[in-house]
Amino acid sequence: MNTRQKVFQSGFKLLNISGLGRFMAPMTQGCGAVFMMHHITPPRTDTFQPNRHLAITPEFLRFAVNRIRSKGYEILHLDEAIDQLKMGYGRKRYAVLTFDDGYKDNLEQAYPVLKELGAPFTVFVTSGLIDRTSELWWLAIERLVAANSELVITEGSEKGPISCATPEEKDRCYEHLMDVLGREVGEEEQRAIVRALAARYGLDLTALADEYMMTWDDLRQLAADPLVTIGAHTHDHYALARLSAEAAEGDIDHGAHRIEQELGLRPKHFAYPYGKPYSVCDRDAEYLEHAGFASALTTFPGVLNSTSAKTPMKLPRVSLNGRFQTSDTLDQYLTGAPFALYRAASWLTGSLRFTSSFSHLFPSTR
């Protein structure tokens, strides 16, 4: 855990010990919360884990469900939660459990825990990853950086290779590549670069997807359980707002169609890949509503409140972050105080540097 993460963890402890979060809760906790997860896996021991924030343990998942319920929240199906949201505040607060992408560990690790606890949940499926036609590019970059002491990103580039020999260099190299591939180049070019890197360094992208992702048969097993809702997460996991309107609509439609084709059901709920401001826009929210989706979830940090009913195509979520698997963090998330303080700090400072740093508390999908 780096210095910034230690500071954030201390901040959660301070909110808890001082009682500030509990004091703010009547004003900030809203009517419910949608929790976002990705991987449910036993802890890893290797030093280089740039995607650690996306993984929580089965033990913490069990703890979180029990803790949420002990705080007076009812865990609902997403359909039920949307209905409750539209009807306004009820007597009980509610929570929704969601998983993005369609990882195999959702079936192997999360499902047995949630089945035992009788907790409904939603899996948002990226159909191209299930088809093995799309790339787990963020995990591919992690594997490439981990396995090599330097990387040549583009053959013939004047910049030369990027060193990634030491743990510190690996962290810097990974973050640099995430910035370049996630922001500086287009979505299609991003994937072309990743495919070229994988070919250059002998990484089998299909085998990587086989290792991490469910199959359609796995999803059929989950979908047969009334506890489970299957939602859509596009076909190719592109940042939709960075695409043309035609391409974004095509990726949404293709993903929904493949789910309907394979599982026999048309998904009613959607989650934006990445879910951050650079990947979510009004254009796509309007299209999702027009296409008949009942809700669309972002990774914007926050709880549900009365105003959320006005924007069901841009609902916030609470990320269960693998770097902060503590009761202090979960308890403060349930108060809504960290999100209110984040918004206040953003408004007061107007500082992109500050808010960018603070937003690492609520990281999105890679």
(request) Tell me, yes or no, whether the range 274-285 has at least one residue that is aliphatic (A, V, I, L, M), under 19 Å from the mean Cα position of the chain (by Cα) and over 25 Å from Thr28 (Cα atoms). (result) yes
(request) For residues that are in a loop (DSSP other than H, G, I, E, B) and either touching a Leu at 6+ places or on another chain (Cβ under 6 Å) or open to solvent by 40 Å² or more (accessible area, probe 1.4 Å) (or both), tally how many sit in the range 173-202. (result) 1
(request) Looking at (1) at negative phi; (2) loosely packed, with under 15 Cβ neighbours inside 10 Å, find the lone condition where Lys170 falls short. (result) (2)
(request) Could you please find all residues in the range 198-220 being in contact (Cβ under 8 Å) with a residue 24 or more places away in the chain and over 23 Å from the mean Cα position of the chain (by Cα)? (result) Ala198, Arg200, Tyr201, Leu203
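Which one is farthest from Phe124 (Cα to Cα), of the residues in the range 203-216 that are of a type in the set (A, V, I, L, M) and touching a Leu at 6+ places or on another chain (Cβ under 7 Å)?
Here is the first cut: in the range 203-216, the residues of a type in the set (A, V, I, L, M) are 203, 205, 207-209, 213-214.
Still in the list and also touching a Leu at 6+ places or on another chain (Cβ under 7 Å): 203, 208-209, 213-214.
On the way: Leu203: 26, Leu208: 19, Ala209: 16, Met213: 12, Met214: 12 Å.
Restricting to residues being of a type in the set (A, V, I, L, M) and touching a Leu at 6+ places or on another chain (Cβ under 7 Å), the top hit is Leu203.
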(request) Consider Arg143 carefully, then state whether it is touching a strand residue (DSSP E or B) at 6+ places or on another chain (Cβ under 9 Å), surrounded by 14 or more Cβ atoms within 10 Å (Cβ to Cβ) and closer than 26 Å to Tyr278 by Cβ. (result) no
(message) I'd like the full set of residues that are out of contact with any strand residue (DSSP E or B) (no Cβ under 9 Å at 6 or more places or on another chain) and crowded, with 19+ Cβ neighbours inside 10 Å, limited to the range 219-241.
(response) His235, Asp236, Tyr238, Ala239, Leu240
(request) Give me a count of the residues in the range 66-96 that are surrounded by 20 or more Cβ atoms within 10 Å (Cβ to Cβ) and either more than 21 Å from Asn305 (Cα to Cα) or basic (Lys, Arg) (or both). (result) 1
(request) Test Phe60 against the stated conditions and say whether it is at pLDDT 95 or above and in contact with a strand residue (DSSP E or B) (Cβ under 8 Å, 6 or more places away or on another chain). (result) no
(request) Being in contact with a Lys or Arg (Cβ under 6 Å, 6 or more places away or on another chain) and either among the small types (Gly, Ala, Ser) or open to solvent by 40 Å² or more (accessible area, probe 1.4 Å) (or both) is the filter here, so list the residues in the range 1-49 that pass it. (result) Gly32
(request) Find the strands (runs of 3 or more DSSP E) located wholly in the range 73-165 whose residues include 3 or more that are touching a Lys or Arg at 6+ places or on another chain (Cβ under 9 Å), and list them. (result) 73-75, 93-101
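The values are calculated or read from the model by the stated rules, or taken from the named source; none is laboratory data. These numbers were taken from a predicted model, which means no experiment stands behind them. When we count neighbours, we look across all protein chains shown, and the Cβ atoms used for this are built from the backbone with ideal geometry, even at glycine. Heads up: the accessible areas ignore ligands, DNA and RNA and are worked out on the full protein's heavy atoms, side chains in. Shrake-Rupley method; radii C 1.70, N 1.55, O 1.52, S 1.80 Å.
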